[in-house]
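The values are calculated or read from the model by the stated rules, or taken from the named source; none is laboratory data. Owing to the predicted nature of the structure, the values given are computational and were not obtained by experimental measurement. We place every Cβ from the backbone using ideal geometry, glycine too, and count neighbours over all the protein chains shown.
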Amino acid sequence: MALVLVTGASSGIGLEFAKQFAARGDQVVAAVRQWPKEQPREGLEVVEGADVRDAAGRHRIVQKLGSRRLDVVVHNAGVLANDALGDIRGASLEAQMAVNAFAPILLTQDLRGQLANPCKLAFVTSRMGSIADNGSGGYYGYRMSKAALNAGARSLAIDLAAQGVAVALLHPGYVRTRMTGGQGQLDPADSARLLIARIDALNAANSGTFWHANGEVLPW
Ligand SMILES: NC(=O)c1ccc[n+]([C@@H]2O[C@H](COP(=O)([O-])OP(=O)(O)OC[C@H]3O[C@@H](n4cnc5c(N)ncnc54)[C@H](OP(=O)(O)O)[C@@H]3O)[C@@H](O)[C@H]2O)c1
């Protein structure tokens with residue numbers, strides 16, 4: 001039984017990650033700002049007030065884990081704004097950088113003493129963070145923040161390799177969640193199932209790779 005931490009586990013893909021890891025018998029710490037009242041908590045260890053933007057929110061996660069060691073961390077929490085040229089606001093860019101790029105790196109730093117050897121870190125990024133793949137423009141803050149996350153996660157793959165940590169950068173597909181206004185090609189349950197298969201296949205030799213949920217290797 002693995003000890004798994006999922007951030008942003010209150011909705012969409014993160015909620016499905018938490019449910020599916022728990023359903024297969026893993027011990028799941030579900031980090032959320034607020035647990036949704038309508039969702040059962042059975043099989044999950046919920047940490048509320050875990051706003052990953054704030055040091056205090058990240059500290060709640062660290063405290064909840066105590067002396068336990070994590071086998072898998074899924075950095076899933078994310079936000080998206082549709083920043084269009086002519087109406088790009090600094091606050092919007094900063095908010096997306098804070099959650100999508102800075103928080104997963106800072107939380108990993110906070111958790112260094114609580115990572116098992118071996119351990120797997122999965123960063124839920126987006127192919128919208130791929131510079132080579134950007135053929136449609138727009139979405140300034142989202143694209144910039146996911147590209148920055150990719151850069152940071154690649155450095156973690158190098159810096160933590162000696163400590164037995166393998167890193168995956170994962171694009172979940174176009175998924176019907178609150179973030180996409182319910183639009184997309186996949187349900188969150190199907191995306192999470194594919195992503196968990198990628199995490200299961202992650203190892204020291206393929207660490208630092210940017211994958212689509214379907215297994216395709218994506219360009220940076
Ligand atoms: N859906 C897609 O097609 C798609 C495509 C590419 C990548 N992604 C990525 O997939 C991940 C999950 O997104 P989703 O589609 O499942 O969207 P979602 O349903 O909107 O879920 C986003 C989750 O992130 C949490 N979150 C946001 N800000 C947070 C913060 N400051 N601290 C802690 N948690 C925070 C939300 O919590 P609250 O409930 O508290 O707001 C929510 O649980 C994101 O990283 C997203 O960028 C999604």
Just checking, how many residues over the range 1-17 are at pLDDT 95 or above and more than 10 Å from the ligand (Cβ to nearest atom)? 4
With the structure loaded, tell me whether ALA132 is surrounded by fewer than 16 Cβ atoms within 10 Å (Cβ to Cβ) and either farther than 19 Å from ALA98 by Cα or in contact with a Leu (Cβ under 8 Å, 6 or more places away or on another chain) (or both) or whether it fails that test. yes
Just the residues that are aliphatic (A, V, I, L, M) and not in a helix (DSSP H, G or I), please, taken from the range 90-121. LEU111, LEU115, ALA116, LEU121
Somewhere in the range 42-55, is a residue assigned to a helix (DSSP H, G or I), touching a strand residue (DSSP E or B) at 6+ places or on another chain (Cβ under 6 Å) and either within 20 Å of ALA116 (Cα to Cα) or without any contact (Cβ under 8 Å) to a residue 12 or more places away in the chain (or both)? no
Give the number of residues within the range 16-45 that are farther than 22 Å from VAL62 by Cβ, among the aliphatic types (A, V, I, L, M) and under 17 Å from the mean Cα position of the chain (by Cα). 0
Of all residues in the range 176-193 being among the polar types (S, T, N, Q) and under 16 Å from THR125 (Cβ atoms), the one that is farthest from the ligand (Cβ to nearest atom): SER191
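Of all residues in the range 91-111, which are within 11 Å of the ligand (Cβ to nearest atom) and of a type outside the set (A, V, I, L, M)?
Across the range 91-111, the qualifying residues are GLN96, ASN100, PHE102, PRO104.
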Per the filter on the range 46-84, residues over 15 Å from the mean Cα position of the chain (by Cα), near the ligand (Cβ under 9 Å from one of its atoms) and of a type in the set (Asp, Glu) are ASP54
ILE88 meets each of (1) more than 18 Å from LEU149 (Cα to Cα); (2) within 11 Å of the ligand (Cβ to nearest atom) with one exception, condition (2)
Assess whether VAL74 counts as being within 18 Å of THR177 (Cα to Cα), part of a helix (DSSP H, G or I), modelled with pLDDT of 95 or more and among the β-branched types (Val, Ile, Thr). no
I'd like to know if the range 96-115 contains one or more residues that are closer than 20 Å to HIS171 by Cα, surrounded by fewer than 16 Cβ atoms within 10 Å (Cβ to Cβ) and not aromatic (Phe, Trp, Tyr). no
Of the criteria (1) touching a residue at least 40 places away in the same chain (Cβ under 8 Å); (2) surrounded by fewer than 14 Cβ atoms within 10 Å (Cβ to Cβ), which one GLU38 fails: (1)
Could you tell me which residue of the range 44-65 is surrounded by the most Cβ atoms within 10 Å (Cβ to Cβ), considering only residues that are more than 17 Å from GLY14 (Cα to Cα) and hydrophobic (A, V, I, L, M, F, W, C)? LEU65
Identity of the residue in the range 27-45, of a type outside the set (A, V, I, L, M) and in contact with a helix residue (DSSP H, G or I) (Cβ under 9 Å, 6 or more places away or on another chain), that ends up nearest to the ligand (Cβ to nearest atom): ARG33
In the range 157-175, what count of residues is obtained for those that are away from the ligand (no atom under 16 Å from the Cβ) and either under 14 Å from the mean Cα position of the chain (by Cα) or not in a helix (DSSP H, G or I) (or both)? 4
